[in-house]
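S.K.: I'd like to ask you about the structure that follows.
The values are calculated or read from the model by the stated rules, or taken from the named source; none is laboratory data. These numbers were taken from a predicted model, which means no experiment stands behind them. Every residue, glycine as well, gets a Cβ built from its backbone with ideal geometry; the counts of neighbours run over all protein chains shown.
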Amino acid sequence: MTVVVGDEELLVERAIAEVVAAVRAGDPDTEVVELAPGGLEPGRLAELTSPSLFGGGKVLVLRAAQDLGKDLTAEVLRYAAHPADDVALVAVHHGGAKGKALVDGLAKAGARKVACPKMTKAGERVAFVRAEVRRAGGSVTEDAARSLIEAVGNDLRELAGVCGQLVSDTPGGRIDDAAVARYHRGRAEVSGFNVADHAVEGRLAEALEQLRWALATGVAPVLIVSALAQGVRGLAKVGGAPRGARGAALAKELGMPPWKIERLQRQLRGWSPAGVARALGAVAEADAGVKGGAADPAYALEKAVADIVGARSLA
């Protein structure tokens, strides 16, 4: 049993993924069942944890565990006192006082606790970047980690992606200030994200102008592709969000800050699902192109930008 406490979405998803990977290492056919308080009626947990006629294990991921009522909390804790051998239970709690009895009860029953709090301090983000670089097999100085945060921002998903790219693209994986400057030179004026914003908004001339300037000032093609991918995937996530979801609930559902969702919602106007799918294909083609599949990475990027703009008008 594992109880994941906190609302830093990237860390929460990683904690869940690690449990699933560990269980599937012993049983590749293990089933993963997602549960939420709204769909967990009394007796459902007992049904899911009872022995199966067909065998096979399960990972039960109980989301938003702080929202369980008194009766369901008691049911979960009764199960925790006598857990099934072939079931791994992961309870995800956002932290705070609400539902704390469940966290305390699971910990008392022997559950492993994984803390995933929001990173609000600069020092925490620096430590995160250094850990991400080590995770990718590289090393980074503290000053370079700070410079990277200043260039990329505080979004952990973006930081994690850039850390992996820098390690793979830097000789020996040793990242210093020079390496960060090389891959993010001119970012204050232009970056892959400027290119992506213009492309998804259908402004071809501006997107191509920004692309050429980014390449001229030393922004790495792989980072421009990454920005294009994030822009198009953001459209897909927001476009596929549950209807009626708003504000904080939508931000929690998508794992994005509200300001980013609002920008993507504006950019999504004029896009169709078929167009987004076409744009995702263009990004995948460009990614392969800048990583050795194309004779000219700059041309591969220009083609991707043109294809994305063209996909926006696809009915």
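S.K.: With 312, 278, 243 as the choices, which residue is out of contact with any Lys or Arg (no Cβ under 7 Å at 6 or more places or on another chain) and modelled with pLDDT under 75?
M.R.: None of the others qualify; the one that does is 243.
S.K.: Going through the range 285-306 one residue at a time, which ones are over 25 Å from the mean Cα position of the chain (by Cα) and either surrounded by fewer than 15 Cβ atoms within 10 Å (Cβ to Cβ) or assigned to a helix (DSSP H, G or I) (or both)?
M.R.: Of everything in the range 285-306, those that are over 25 Å from the mean Cα position of the chain (by Cα) and either surrounded by fewer than 15 Cβ atoms within 10 Å (Cβ to Cβ) or assigned to a helix (DSSP H, G or I) (or both) turn out to be 292, 293, 295, 296, 297, 298, 299, 300, 302, 303, 306.
S.K.: Report, ordered by the first and then the second residue, all pairs with beta carbons closer than 6 Å, sequence separation of six or more or different chains, a first member in the range 129-150 that is part of a loop (DSSP other than H, G, I, E, B), and a second member that is among the charged types (D, E, K, R).
M.R.: Taking only residues 6 or more apart or on different chains, the pairs are 141/176.
S.K.: Considering only residues that are surrounded by 14 or more Cβ atoms within 10 Å (Cβ to Cβ) and of a type outside the set (A, V, I, L, M), look in the range 96-112 and name the one that is nearest to residue 164 (Cα to Cα).
M.R.: Among those residues, the one meeting the criterion is 99.
S.K.: Still on this structure, I have one more. So in the range 75-95, with the set limited to residues that are charged (D, E, K, R) and surrounded by 15 or more Cβ atoms within 10 Å (Cβ to Cβ), which one is nearest to residue 45 (Cα to Cα)?
M.R.: Checking each candidate, the answer is 75.
S.K.: From the residues in the range 189-221 that are at pLDDT 90 or above, small (Gly, Ala, Ser) and assigned to a helix (DSSP H, G or I), which one is surrounded by the most Cβ atoms within 10 Å (Cβ to Cβ)?
M.R.: Taking the candidates together, the pick is 199.
S.K.: Quick one: would you say residue 126 is outside the structural domain of residue 37 (by TED's automatic domain parsing) and in contact with a Cys (Cβ under 6 Å, 6 or more places away or on another chain)?
M.R.: no
S.K.: Against the conditions (1) in a helix (DSSP H, G or I); (2) over 25 Å from the mean Cα position of the chain (by Cα); (3) free of Cβ contacts under 8 Å to residues at least 12 places away in the same chain, where does residue 80 fall short? Just the number, please.
M.R.: The failed condition is (3).
S.K.: Quick test of your reading of the structure: residue 116 fulfils all but one of (1) more than 30 Å from residue 83 (Cβ to Cβ); (2) crowded, with 21+ Cβ neighbours inside 10 Å. Name the failing condition by number.
M.R.: Against the list (1) more than 30 Å from residue 83 (Cβ to Cβ); (2) crowded, with 21+ Cβ neighbours inside 10 Å, residue 116 comes up short only on (1).
S.K.: Need the failing condition index for residue 96 against (1) at positive phi; (2) assigned to a strand (DSSP E or B), just the number.
M.R.: (2)
S.K.: Give the residue, chosen from 276, 238, 232, that is in contact (Cβ under 8 Å) with a residue 60 or more places away in the chain, hydrophobic (A, V, I, L, M, F, W, C) and either in a helix (DSSP H, G or I) or surrounded by 15 or more Cβ atoms within 10 Å (Cβ to Cβ) (or both).
M.R.: Testing whether each residue is in contact (Cβ under 8 Å) with a residue 60 or more places away in the chain, hydrophobic (A, V, I, L, M, F, W, C) and either in a helix (DSSP H, G or I) or surrounded by 15 or more Cβ atoms within 10 Å (Cβ to Cβ) (or both) leaves just 232.
S.K.: Still on this model: Sort out which residues of the range 17-44 are under 22 Å from the mean Cα position of the chain (by Cα) and in a loop (DSSP other than H, G, I, E, B), and write them in order of number.
M.R.: Of everything in the range 17-44, just one residue is under 22 Å from the mean Cα position of the chain (by Cα) and in a loop (DSSP other than H, G, I, E, B), namely 36.
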